[in-house]
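Working notes, structure below.
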Amino acid sequence: TFADVNFGYLKDQTIINDFSLHVHAGQTVAIVGPTGAGKTTIVKLLMRFYELNSGSILIDGKDIRDYSKKALHKNVGLVLQEPFLYHGTVKSNIKMYQDISDDAVQAAAAFVDADQFIQKLPDKYETKVTERGLSFSTGQRQLLAFARTVASQPKILILDEATANIDSETENTVQESLKKMRQGRTTIAIAHRLSTIQDADCIYVLDKGKIIESGTHDELLSLKGTYHRMYQLQAGMMEN
């Protein structure tokens, strides 16, 4: 629950204004809107990368400030637009300092369909990863990031533009993996490509830090408002 949240990077300039949102356990909700609307800031506040100016964010009725940051980050899995890999091996990038077995690492990779390409690598899970993982495609890096997230078994999943830069070669695999990751989890998806969130239980349209529209994909299209214009624009760009 986001309750009357206000925030600004500068105290006299708020960019999130009286933001309230309730997400039920197991739901998938999407937040969309133009660049600068405050979508990613909402994620940063939920992860406590920044503290609120006023209002509160609750998980299971408990203020997130009453959880340790370690507990919060273990139970909230964040997948970013640009997946980051670290110098090490494929296995160490999935483990990410977690005390989990090699079997659990492979199970997480198999769950998100990353095991298919890992098994084709020269040294499989022991294959060296250079800084940022530039020897892997964007889609492969994202699948490894998914495996890392699944390995920690989070209860809440945050997808911040997680499919924005995916190459066409792995796009279908990534989309199917996302569907599996969302099962049984509460998911908040920050989306630029509206085609990726049409099955969300509810879509919220954000503008200048405020929710201006909400509903399912079909309901929002029928309003013929901001979401409808965004969808028409993207559909036209894809046709062209």
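The values are calculated or read from the model by the stated rules, or taken from the named source; none is laboratory data. Bear in mind that the values here come from a model prediction, so they are computed numbers and not experimental data. Don't worry about glycine lacking a Cβ; one is built from the backbone with ideal geometry, like all the others, and counts go over all protein chains shown. Just so you know, the surface numbers come from the protein's heavy atoms only, side chains and all, with ligands and any DNA or RNA stripped out. Shrake-Rupley method; radii C 1.70, N 1.55, O 1.52, S 1.80 Å.
Structural remarks
- Largest GNM mean-square fluctuation among LEU21, LEU220, LEU52, using the chain with Cα springs under 10 Å: LEU21.
- Cut-off 15 Å, label 7 Å out along Cα→Cβ of THR40, residues of the stretch 79-96 by amide N: 79-84
- Segment ALA71-ASP123, length gained on full extension (0.36 nm per residue, minus Cα span): 15.3 nm
- In Hz, Karplus ³J(HN,Hα) per residue of the stretch 87-97 (6.51, -1.76, 1.60; θ = phi - 60°; x = Gly, Pro): 4, x, 10, 4, 4, 5, 6, 7, 5, 6, 6
- More than 27 Å apart - percent of Cα-Cα pairs taken over the stretch 35-160: 26
- Cα-centre dipole for the stretch 12-167 with unit charges at Cβ (Lys and Arg positive, Asp and Glu negative), debye to 20: 220
- Relative contact order of the chain, pairs being alpha-carbon contacts under 8 Å that are 6 or more residues apart, as %: 27
- Pairs from LYS62/LYS179; LYS44/LYS224; LYS44/LYS69; LYS155/LYS180; LYS39/LYS180 whose Cα-Cα separation, in the structure shown, is over 19 Å: LYS62/LYS179; LYS44/LYS224; LYS39/LYS180
- With Cα atoms, 0 to 90° folded angle of helix 168-182 axis to the chain main axis: 70
- Spin-label model, LYS210/ALA107: points 7 Å from Cα along the beta carbon direction are separated by 4.8 nm.
- Rounded to the nearest 0.05, the FRET efficiency derived from the C-beta distance between ARG229 and LEU10 at R0 = 25 Å is 0.25.
- In order through the stretch 192-209: 3J(HN,Hα) via Karplus (6.51 cos²θ - 1.76 cosθ + 1.60), integer Hz, x for Gly, Pro: 9, 8, 5, 5, 8, 10, 5, 8, 5, 5, 8, 10, 10, 9, 9, 8, 6, x
- Principal-axis tilt of helix 138-151 within the chain, Cα atoms, nearest 10 degrees: 90
- Hydrodynamic radius (Kirkwood) for the stretch 109-230, which is based on Cα pairs only, to one decimal in Å: 16.1
- Gyration tensor (alpha-carbon) shape descriptor, the chain, a/c threshold 1.5: oblate
- In the elastic network of the chain, a GNM with C-alpha springs shorter than 10 Å, the most mobile of ALA109, ALA151, ALA71 is ALA71.
- Amide H to amide H distances under 5 Å link ALA30 with ALA189, CYS202, ILE203, TYR204, where only residues 5 or more positions off or on other chains count and H is placed in the peptide plane.
- Modelled this way, with points 7 Å down the Cα-to-C-beta line, the labels at SER20 and SER54 are 1.4 nm from one another.
- Carbon + sulfur, % of accessible area of the stretch 23-138 - ligands and nucleic acids excluded, 1.4 Å: 53
- C-alpha long axis of helix 102-111 to longest principal axis of the chain, angle in °: 50
- Euclidean distance between Cα centres, the stretch 187-225 to the stretch 72-102, Å: 29
- Ellipsoid semi-axes in whole angstrom, largest first, where each is sqrt(5λ) of the Cα gyration tensor of the stretch 167-235: 23, 15, 11
- Where the chain is the region considered: accessible area per residue in Å², 1.4 Å probe: 52
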